[in-house]
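For reference, the structure discussed in these notes is given below.
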Amino acid sequence: MDLHFQGPEATPDEKAAVDTVLGPPTSAWSGGARNLEEEGRSTLLGGHAARAERHLLLPVLHAVQSRFGWVPPGALDYICRRLTIPPAEAYGVVTFYHLYSATPQPASVAHVCDDIACRIRGAESICLHLERTIGPEGSGGWKRSPCLGRCEQAPAALVLNSGESQVAVSLAPASATEIVAAKSSAEHVPDGFESLRTSIPQFGDKSLRLLGRAGRVDPGDLSAYRRSGGYAALARAFELGPEGVIAEVLSSKLMGRGGAAFPTGRKWEAVAKAPGRPHYVVCNADESEPGTFKDRILLEGDPFAVIEGMTIAGFATGSSRGFLYLRGEYPVAATRVQAALAAARSAGLLGEEILGSGFSFEIELRIGAGAYICGEETALFESIEGKRGEPRNKPPFPVHVGLFGKPTVVNNVETLANVPLILAMGGEKFAGIGTAGSSGPKLFCVSGMVERPGVYEVDFGKTLGDLIAMAGGVAGGRTLRAVLLGGAAGVFVGPDKLSMPLTLEDTRAAGATLGSGVVMAFDDTVDLGDILGRIAAFFRDESCGQCVPCRVGTVRQEELIARLRNGETLGTHQDELALLKEIGQVMRDASICGLGQTAANAIESALVSLDAWPERKESR
Amino acid sequence: MSEQDSLWFKSPPPPHHPPEPPVRKAPEMVAITIDGAEVRIPATATILEACRSVGIDTPTLCFLENLTPVNVCRICVVELAGARTLVPACSRQIEPGMDIRTDSPRVRLARKMVIEFLASSVDLSTAPQALEYARRYGADSTRYGTSRESDTSHDRDTRLPGHHHVPEGIGAETVEQPVKVDNDLYVRDYGKCILCYKCVEACGEDAQNTFAIAVAGRGFDARISTEANVSLPDSACVYCGNCIGVCPTGALMFRSEYEMRQAGIWNESKQTSTDTICSYCGVGCTLTLHVQDNRIVKVTSPIESSVTNGHLCIKGRFGFEYVHGGLDQQADG
Ligand SMILES: Cc1cc2nc3c(=O)[nH]c(=O)nc-3n(C[C@H](O)[C@H](O)[C@H](O)COP(=O)(O)O)c2cc1C
Ligand code: SF4
Ligand code: SF4
Ligand code: SF4
Ligand code: FES
Ligand code: FES
């Protein structure tokens, strides 16, 4: 590799920001002092050692972005020198993630959610207000954002103020005035953990298993966690041995909670047996599916449970290193997880020889930079490796070729939070909770037009109607028009499906999905066409752009929805619907990853089960 | 201690007979079914290779023998019994017992849509292969409306990832943008780019190892870009032209070809091509000289050449003007 740098020199400030992550440079090549004696030894200079550090690209870009509000070219060149990355590739990475900016922007940017749950709760009027007070969206200062994972308290906004120490203010419910005020705050103290209670309507219910600690036990206090039963499961895991742990997880019939519902035990078993070394554990906390916020509540409210689950996964699969990849829009969760990792480390629950077991395990927190696609497991690996989040073609599967090309177990936050429960109560007993095909407790993210939106924990088997009733029914006693199950990648169902049990088997039989546990309710005042337009825009914005069916198909789908909405169809209405179907078909059949494969689902389901745009009525 | 022992190495005994060449194991053959017929194929083959070996012409756009498959264009998809989605033939390894359909209605629809999507968003006028596929699969790119005249069509290089403004008119968005003419050797017309990643691969690990270009941006706004979108002379480009050699659409084009096309004098039917060996250095690269009206108009190298694999350097690729100098002198004299 023959790197060529032409950009401006990095300023001392820019270098300092980079060095906070990479340490001071060790050679003249990478911007340090000339030291012939050292540099004579070529191992110190770039080469393999530096290229092996490529995975630090996102962390170091975060340091620069949060310091300057953008990534100046001099800083980018300096990073490339330090990590031996071709500048064109690094530019490709910066321009992939929407929380980075390769062009100057104001020091403070408000990211205002205009996604589904927020737009039915006044997001547009916030945007209008900001347009008047701050200026048009493109001028900097504020941007529209996809779902920020705070839908239960919609509308939401995230204000990022760059500077010596970045200030991140997450607002929900947000108002335009608060957003403007937050843009000039130089300091921000987030609410205490007790504030989570407003997001957990069942708070105080003694039978809660996954949400039992959230809002009650201080997430920063390791001994409080242990007093409430924490880390007993890890001790039990050490008694059982790796095979014993996998046997328990297999018998629990735990299915992944990230959307694909793959049996967790089988995944762990495959990694444990995979010949390549080392093995890795990855916790997928990228939670960006519109309407999903359960993982945030687990990480903000009970981070040690997830860490304990990851540690057990590491022990069972013979891994010594884990990564927790958290979406960049969750500043509070990031702080709490970072603190919990430090506490676990200093108590000997992470690091060398955990609890004298001979097992060593380390977890690193990695922060995403704004890209829904990075929740797809292989895109997530690429992102940790310091690349654009472009999904890989499968096979090979992550259990064989995963992070850094090694066997990797990747699990959702909620999946891992179930693991300590399984070890504490035994796999068989866990399997007894719920239904035959769906075991255990399940978190549902209930939002939209219900009286009490929030995260709900139920044993599998409750019906959709039960859940909506638990949330107090449709707000204001209005009539239910539709429910979105599983998020933007999920499907709409009509009120006729209220008696459907929310289990994997029943939703599958009904052609629906649980996806990530989204249950978003819409009453009869909602403009469905507007919602479908937003979903189409979401996929167009979030497609990685790699494969043709999804890169172009999401654009054509969005254009077609716009035509249906404004009644200017090409050919007849029927022609348009037929074309929509063909677009959906090729995206489903020929896209590389789940994003393209599901990008037409919600829209098609709205046409089928909600009769959106019946022929005679024009738009809506 | 004998003198022999004091040596720190022992020389090998003189050979009794010339060494045997290593025995190459015959590749293991596995049975798969393609379009209903059982065939036996070497176990290491991809579906594409298997199809080709039985004479089935599978369309490809992002695949090239001398590059690592990126499987992004999806025109090569085939139907595999038991698989939820179609699979890319170019990268998928065969497995014993696979049952593959290469011309089912699902396959035909997917291929038609892929080429329609490309034809409706990209200028394919200099991409004969893609146009041939469009005919073969009956693609009709007008189904998406006429290309959208949008006031943002020229800002593709600076588009930000994430939120965009929702379309208002009824046209189809395209990747149209001005041609980049910033050096004497070749032009970049990304309005013709199907984002097949081939140039990036040829510039990087698969051939040139220069990494002057990469994919930037996201989604429909993804594009091939130099660092910070600087012009080629300011970039790391060394003008090997290997990206031009692999580009399937004419988005990357010799300046000589571009100018002749502009002037309306490019005429492939009048062109001849002659293979020769590059005279600049001792490597011995095969050059194919494309000649029109007794002048070299571009230089390529055969992909089958064991010396070049189709790749060259700046001298072999662009250093042909001196030939014309000789001709011109002859003409003058
Ligand atoms: C476009 C896309 C986005 C995804 N986003 C997430 C996510 O945010 N969180 C998550 O856990 N899984 C997500 N997944 C699913 C993951 O690929 C993977 O299946 C999951 O992390 C596995 O964990 P589990 O077995 O515990 O469910 C996504 C998948 C796709 C295709
Ligand atoms: S389906 Fe979409 S998101 Fe997935 S790889 Fe293809 S372009 Fe990227
Ligand atoms: S001419 Fe060579 S160095 Fe320049 S961009 Fe093309 S492949 Fe890369
Ligand atoms: S410029 Fe040519 S080779 Fe490069 S991605 Fe575009 S079409 Fe492919
Ligand atoms: S936070 Fe706005 S839709 Fe989820
Ligand atoms: S040729 Fe196979 S995906 Fe492009």
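The values are calculated or read from the model by the stated rules, or taken from the named source; none is laboratory data. As the structure is a computational prediction, the values presented were derived from the model and not from experiment. In this analysis, Cβ positions are derived from the backbone assuming ideal geometry, glycine residues included, and neighbour counts consider all displayed protein chains. Heavy atoms of the whole protein, side chains included, go into the accessibility calculation; ligands, DNA and RNA do not. Shrake-Rupley method; radii C 1.70, N 1.55, O 1.52, S 1.80 Å.
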Check your understanding: Taking B:THR142, is it modelled with pLDDT under 95, closer than 22 Å to B:SER125 by Cβ and assigned to a helix (DSSP H, G or I)?
Key -> yes
Check your understanding: Out of all the residues in the stretch A:335-390, which are open to solvent by less than 10 Å² (accessible area, probe 1.4 Å), in contact with a Ser or Thr (Cβ under 9 Å, 6 or more places away or on another chain) and assigned to a helix (DSSP H, G or I)?
Key -> A:ALA344, A:ILE354, A:ILE373, A:CYS374, A:PHE381
Study note, to complete from the structure: Over the stretch A:299-329, the set of residues within 12 Å of A:ARG366 (Cα to Cα) and among the aromatic types (Phe, Trp, Tyr) is A:PHE323, A:TYR325
Review point. Of the conditions (1) within 16 Å of ligand 2 (Cβ to nearest atom); (2) surrounded by 24 or more Cβ atoms within 10 Å (Cβ to Cβ), B:ILE47 fails just one. Which one is it?
Key: (1)
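Would the stretch A:34-54 turn up any residue that is within 30 Å of A:GLY141 (Cβ to Cβ), open to solvent by less than 60 Å² (accessible area, probe 1.4 Å) and at pLDDT 75 or above? Break it down into steps so the answer makes sense when it comes.
We begin by selecting, within the stretch A:34-54, every residue within 30 Å of A:GLY141 (Cβ to Cβ); these are none.
No, every residue in the stretch A:34-54 fails to be within 30 Å of A:GLY141 (Cβ to Cβ), open to solvent by less than 60 Å² (accessible area, probe 1.4 Å) and at pLDDT 75 or above.
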Practice item. Take A:GLY276 and decide whether it is part of a loop (DSSP other than H, G, I, E, B) and in contact with a Pro (Cβ under 7 Å, 6 or more places away or on another chain). Key: yes
Review point. So, of the residues in the stretch B:41-78 that are within 11 Å of ligand 6 (Cβ to nearest atom) and free of Cβ contacts under 8 Å to residues at least 24 places away in the same chain, which turns out to be farthest from the chain's Cα centre (by Cα)?
Key: B:ASN71
Point to revise | Matching residues, the stretch B:84-104, being open to solvent by 10 Å² or more (accessible area, probe 1.4 Å), facing chain A (nearest Cβ under 10 Å) and assigned to a loop (DSSP other than H, G, I, E, B) | key: B:ARG84, B:THR85, B:SER91, B:ARG92, B:GLU95
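Considering the stretch B:68-83 alone, what residues qualify as being assigned to a loop (DSSP other than H, G, I, E, B), away from chain A (no Cβ under 11 Å) and of a type in the set (A, V, I, L, M)? Before the answer, list the steps.
To start, the set of residues in the stretch B:68-83 that are assigned to a loop (DSSP other than H, G, I, E, B) comprises B:68-76, B:81-83.
Going one step further and asking which of them are away from chain A (no Cβ under 11 Å), we end up with B:68, B:81-82.
Result: B:ALA81, single match.
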Review point. Name the pairs: first residue in the stretch A:42-59 and among the basic types (Lys, Arg), second residue at pLDDT below 80 and surrounded by 13 or more Cβ atoms within 10 Å (Cβ to Cβ), Cβ to Cβ under 9 Å, at least 6 apart or on different chains?
Key: A:ARG51/A:MET1
Exercise for review: Within the stretch B:55-67, identify whether any single residue is hydroxyl-bearing (Ser, Thr, Tyr), open to solvent by less than 50 Å² (accessible area, probe 1.4 Å) and away from chain A (no Cβ under 12 Å), and answer yes or no.
Suggested key: yes
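Being among the charged types (D, E, K, R) and in contact with a helix residue (DSSP H, G or I) (Cβ under 7 Å, 6 or more places away or on another chain) is the requirement here; does A:ARG327 meet it? Even if it seems obvious, please write down each step before you answer.
On the way: among the charged types (D, E, K, R): yes; in contact with a helix residue (DSSP H, G or I) (Cβ under 7 Å, 6 or more places away or on another chain): no.
Against the criterion (among the charged types (D, E, K, R) and in contact with a helix residue (DSSP H, G or I) (Cβ under 7 Å, 6 or more places away or on another chain)), A:ARG327 does not qualify.
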Point to revise | Residues within the stretch A:430-445 that are open to solvent by 30 Å² or more (accessible area, probe 1.4 Å) and within 17 Å of A:ALA247 (Cβ to Cβ), tallied | key: 1
Practice item. Tell me which residues, restricted to the stretch A:596-610, are open to solvent by less than 20 Å² (accessible area, probe 1.4 Å) and facing chain B (nearest Cβ under 10 Å). Key: A:GLY596
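Taking B:ALA263 as the residue in question, decide whether it is free of Cβ contacts under 8 Å to residues at least 12 places away in the same chain and either away from chain A (no Cβ under 14 Å) or within 16 Å of ligand 1 (Cβ to nearest atom) (or both).
Working: free of Cβ contacts under 8 Å to residues at least 12 places away in the same chain: yes; either away from chain A (no Cβ under 14 Å) or within 16 Å of ligand 1 (Cβ to nearest atom) (or both): yes.
In short, yes.
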Point to revise | Pair list, Cβ under 6 Å, 6 or more apart: the stretch B:115-126 residue away from every other protein chain (no Cβ under 13 Å), other residue basic (Lys, Arg) | key: B:ASP123/B:LYS192
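Within the stretch A:274-293, how many residues turn out to be near ligand 1 (Cβ under 10 Å from one of its atoms) and either of a type outside the set (Ser, Thr, Tyr) or under 19 Å from A:ARG209 (Cβ atoms) (or both)? First the steps, then the outcome.
Quick first cut of the stretch A:274-293, residues near ligand 1 (Cβ under 10 Å from one of its atoms) only: A:282-289, A:292.
Then keep just the ones that are either of a type outside the set (Ser, Thr, Tyr) or under 19 Å from A:ARG209 (Cβ atoms) (or both); that gives A:282-287, A:289.
Total meeting the criteria: 7.
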**Study point:** Sole exception among (1) without any contact (Cβ under 8 Å) to a residue 60 or more places away in the chain; (2) among the hydrophobic types (A, V, I, L, M, F, W, C); (3) within 14 Å of chain B (Cβ to nearest Cβ) for A:ILE531, by number
**Key:** (1)
Revision key, fill the gap. Checked pairs for the stretch A:76-92, first facing chain B (nearest Cβ under 7 Å), second among the acidic types (Asp, Glu), C-beta under 7 Å and 6 or more apart or across chains, list as A:PRO87/A:ASP77; A:PRO87/B:GLU227; A:ALA88/B:GLU227; A:TYR91/B:GLU227
Study note, to complete from the structure: The number of residues in the stretch A:93-124 that are free of Cβ contacts under 8 Å to residues at least 24 places away in the same chain and open to solvent by 40 Å² or more (accessible area, probe 1.4 Å) is 1
Check your understanding: Among the listed residues A:GLY309, A:GLY265, A:GLY314, A:GLY244, which satisfies the condition of being in a helix (DSSP H, G or I) and surrounded by fewer than 18 Cβ atoms within 10 Å (Cβ to Cβ)?
Key -> A:GLY244
Study note, to complete from the structure: Residue hits (the stretch B:105-124; open to solvent by less than 10 Å² (accessible area, probe 1.4 Å) and within 16 Å of ligand 2 (Cβ to nearest atom)) are B:ALA110, B:MET113, B:VAL114, B:PHE117, B:LEU118, B:SER121
Revision key, fill the gap. From the option list B:SER231, B:SER273, B:SER279, single residue qualifying as farther than 25 Å from B:CYS73 by Cα, open to solvent by 20 Å² or more (accessible area, probe 1.4 Å) and modelled with pLDDT under 95 is B:SER279
Exercise for review: Could you tell me which numbered condition A:TYR372 fails, if it satisfies all but one of (1) within 11 Å of chain B (Cβ to nearest Cβ); (2) within 26 Å of B:THR68 (Cα to Cα); (3) within 16 Å of ligand 5 (Cβ to nearest atom)?
Suggested key: (2)
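Out of all the residues in the stretch A:169-176, is one or more modelled with pLDDT under 95 and more than 23 Å from the chain's Cα centre (by Cα)? I'd like the intermediate steps shown before the answer.
Initial filter on the stretch A:169-176 (modelled with pLDDT under 95): none.
No, the stretch A:169-176 contains no residue that is modelled with pLDDT under 95 and more than 23 Å from the chain's Cα centre (by Cα).
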Check your understanding: Restricting attention to the stretch A:479-502, does a residue exist that is acidic (Asp, Glu) and touching a Leu at 6+ places or on another chain (Cβ under 7 Å)?
Key -> no
**Study point:** Members of the stretch A:135-159 that are within 14 Å of another protein chain (Cβ to nearest Cβ) and either touching a residue at least 60 places away in the same chain (Cβ under 8 Å) or within 16 Å of ligand 3 (Cβ to nearest atom) (or both)
**Key:** A:SER145, A:PRO146, A:CYS147, A:LEU148, A:LEU158
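Go through the stretch B:169-202 and give me each residue that's of a type in the set (A, V, I, L, M, F, W, C), open to solvent by less than 20 Å² (accessible area, probe 1.4 Å) and within 11 Å of another protein chain (Cβ to nearest Cβ). Lay out the reasoning, then the answer.
Restricting attention to the stretch B:169-202, the residues satisfying the condition of being of a type in the set (A, V, I, L, M, F, W, C) are B:170, B:172, B:175, B:179, B:181, B:185, B:187, B:193-196, B:199-200, B:202.
Next, only the ones that are open to solvent by less than 20 Å² (accessible area, probe 1.4 Å) stay: B:172, B:175, B:187, B:194-196, B:199, B:202.
Scanning the stretch B:169-202 gives B:ALA172, B:VAL175, B:ILE194, B:LEU195, B:CYS196.
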Review point. Being in a loop (DSSP other than H, G, I, E, B) and either touching a residue at least 60 places away in the same chain (Cβ under 8 Å) or of a type in the set (A, V, I, L, M) (or both), is that true of even one residue in the stretch B:285-300?
Key: no
